[in-house]
Amino acid sequence: MLTDKELTLARDHPRGTEQRTLAPYRAALNDLAAYAVLSIADRDAIVRWAAIRCAVRDRYGVDRDASNLAEPLIPAATLRAHVLAGESKAAGHGVADDGSDLIPLIARLRG
C-alpha cells in the first residue's frame, strides 16, 4: 500500500522527490538490460516510485509538463511501461498491462 505521506510528498515536490529517488538508477532507466540485473530491493524502489507517480497523476493530475522544455519528470506512463518491460525481462516472461495498480501487477509478474 502507498502511504498518504508518500503521496503528499510526491504531489507537493514531484521533481525533487523523483530526482532523489531515481538518481541511483539512471543507467537502469535508460537500459532494460541494466534494469533487469538490479537487485530485487533496487527494482522494488523503482516500482514503488512508479506506482506513486501513477497514483499522483491519477488522483491529483500531477505529471510531466510537456510545455516546460526543462521538465525533469519522466511521464508516469513512460515510467510504468519501462518498469513493466524491465520486470518482464528480469522474469523471462511478460504480463499484459491491464491498467491495474502497479505493485500487485509486478508481484503477479514476479510470482
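Taken together, the values in this text are just the output of simple stated rules run on the coordinates, not laboratory data. Just so it is clear, the model here is predicted, and its values are computed rather than measured. Glycine gets a Cβ as well: all are built from the backbone with ideal geometry, and neighbour counts include every protein chain shown.
Some values worked out for this structure:
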| item | result |
| --- | --- |
| Residue-wise HN-Hα coupling along the range 83-90, computed from phi with Karplus coefficients 6.51, -1.76, 1.60 (Hz; x: Gly, Pro) | 4, 5, 5, x, 5, 5, 5, 5 |
| Measure of compaction for the chain (Cα Rg per 2.2 N^0.38 Å) | 1.02 |
| Angstrom value of the Kirkwood radius, inverse mean 1/r, which spans all Cα pairs in the range 2-41 | 11.4 |
| For peptides 65-75, 10-20, sequence by mean Cβ density within 10 Å, most packed first | 10-20, 65-75 |
